[in-house]
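Step one of this worksheet: look at the structure below.
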Amino acid sequence: MDKSKVSIVILAAGKGSRMKSSKAKVLHNISGKPMLYYIIKASLEISDDITVVVAHQKEAVMEQVGALFENINFVIQDAQNFPGTGGAMKNVKPKNEKVLVLNGDMPLISADALHGFLETNADIIMSIFDLQNPDGYGRVIIEEGQVQAIVEQKDASKDELKVTSVNAGIYAFSKSVIEKYIPMLDNNNAQEEYYLTDVIAMAKKDSLFIAPLLVDEEHFKGINSKKDLADAEVIMQDRIKTKWMNAGVIMQLPSTIYIEEGVEFEGECIVENGCRITGDSKIINSHIKAHSVIEDSVMINSDAGPMAHLRPLSHITDTHIGNFVETKKSTLKGVKAGHLSYIGDAEVDEGTNVGAGVITCNYDGIKKYKTIIGKNVFVGSDCQLVAPVTIEDDVMVAAGTTLTSGTVTKGSLAISRTKLRSIKDFYYKFFSKN
Ligand code: UD1
Ligand code: CA
């Protein structure tokens, strides 16, 4: 594909008041990434000239986009004096002949879904879909098979409101159409905004060729409310999980599983029902059992759960993590931690067994400290390892031991217990008195 044929402008300057949020609409997350991410990702597949228009919370939007992508142009809308989608286009100077304008609130778009705009030749191509409930969208007025105008919901007459053909919000303009009509827009409408959609009626009046392109709602759905956000999440999750199942991952009851966009699988993996896998987690030949949460972690030839929690930067290889075990920023190689443990800021080596109820005490209220456990160590149940602490190879730590800072040398037994006292008939005496 020749990416120098088309410029893409993404409108991301609006407040998004219908989201009822202090966060800019385009920064709301879907499957772990801001919605703008998906639009830019699709755009980069077809164009070498991408401009994002910003205004509301522009620093945050530019920072997040900058962290995810290189070579994106930003244009700042003068939203005070020129509000609206047409106002957003005022300062845009596209490089290429064809200009695709996308709303920043359409995260379900894909490069494939945009191909229709590249293949058709017209002064304007506009996207249309038919909705049983057109609420919230601009209505497309079609007469004698020709698009006449787009009327925004707030400006529509009773009859116009009944129209079910709506403006999906993506347009391809020839560069000259933008240069000519954007400066001519006014704000004589219900919202006192400069509507990009008014370009259609103006171009029609000048007998330009406007081609309607029928598109599907699944890819062109606009996100205006938190309900829309939740609906889009369902579609995005389905796409992500379908991709990984096609790549060979087994998922049990996939509709109960949540997997973020940055997650990767390799080899044969099983994900049981109710799991949540987030961030840049990488799962290789591993089995994640029911209701486990894996965040920004790596699992290689391992199993975790049911109900395990691998917090960020856990890196486990050839390891068994059982139920109610939490790990964080820890590297475990060839380890068994079967039940009820917290392993944080630790390195644990091959052949080591971490008993039920073992806790690394990694935090003293001010700083975090490391726990290092060598090979073939047996840590008995209910031990506290007060970091910083090092346990060398071939050590036994007796059940119930509190290990305080220092090193347990190779081959030793560490034990800290008070002597057991057993007081005869105490029970009977105690309860007969009361
Ligand atoms: C817009 C269309 C409507 C269409 C719908 C499709 C207009 C006037 N209306 O309505 O016909 O059916 O999309 O989803 O274009 N934005 C700016 N600057 C602004 C205002 C908005 O950059 O001053 C950006 C927003 O960040 C958003 C996009 O433009 O990403 C669309 O704005 P929004 O307010 O959601 O438009 P709709 O009312 O949905
Ligand atoms: Ca919208």
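The values are calculated or read from the model by the stated rules, or taken from the named source; none is laboratory data. Just so we're clear, the structure is a prediction, and the values are computed from it rather than from any experiment. Note: ideal-geometry Cβ built from the backbone for every residue, glycine included; neighbour counts use all protein chains shown.
Numbers for the structure displayed
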{"item": "Selected residue [under 30 Å from N133 (Cβ atoms), in contact (Cβ under 8 Å) with a residue 24 or more places away in the chain and assigned to a loop (DSSP other than H, G, I, E, B)] from E233, E261", "result": "E261"}
{"item": "Residue among I277, I294 that is closer than 20 Å to H339 by Cα and assigned to a strand (DSSP E or B)", "result": "I294"}
{"item": "All strands (runs of 3 or more DSSP E) inside segment 337-409 with 1 or more residues being without any contact (Cβ under 8 Å) to a residue 24 or more places away in the chain and of a type in the set (S, T, N, Q)", "result": "389-391, 406-408"}
{"item": "Subset of segment 118-129 [within 30 Å of the chain's Cα centre (by Cα), modelled with pLDDT of 95 or more and more than 10 Å from ligand 1 (Cβ to nearest atom)]", "result": "none"}
{"item": "Per-region count, segment 133-174, residues under 19 Å from I210 (Cα atoms), out of contact with any strand residue (DSSP E or B) (no Cβ under 9 Å at 6 or more places or on another chain) and within 13 Å of ligand 1 (Cβ to nearest atom)", "result": "0"}
{"item": "Segments classed as strands (runs of 3 or more DSSP E), wholly inside segment 25-106, with at least 2 members that are more than 14 Å from the chain's Cα centre (by Cα) and within 27 Å of R239 (Cα to Cα)", "result": "49-54, 98-103"}
{"item": "Residue list for segment 231-246, restricted to those being surrounded by fewer than 12 Cβ atoms within 10 Å (Cβ to Cβ) and either closer than 21 Å to H291 by Cα or touching a strand residue (DSSP E or B) at 6+ places or on another chain (Cβ under 7 Å) (or both)", "result": "V234"}
{"item": "Residue pairs meeting the criteria (Cβ under 6 Å; at least 6 apart or on separate chains; first modelled with pLDDT of 95 or more, in segment 186-198; second part of a loop (DSSP other than H, G, I, E, B) and of a type in the set (D, E))", "result": "N187/E193"}
{"item": "Extreme residue, farthest from S31 (Cα to Cα), among residues of segment 90-116 that are within 15 Å of ligand 1 (Cβ to nearest atom), crowded, with 18+ Cβ neighbours inside 10 Å and not aliphatic (A, V, I, L, M)", "result": "N103"}
{"item": "Count - residues of segment 78-99 that are within 21 Å of L114 (Cβ to Cβ) and away from ligand 2 (no atom under 16 Å from the Cβ)", "result": "7"}
{"item": "Given (1) assigned to a helix (DSSP H, G or I); (2) crowded, with 16+ Cβ neighbours inside 10 Å, index of the condition F173 fails", "result": "(1)"}
{"item": "Segment 9-40, residues that are over 22 Å from D78 (Cα atoms) and either without any contact (Cβ under 8 Å) to a residue 24 or more places away in the chain or of a type in the set (V, I, T) (or both)", "result": "N29, I30, I39, I40"}
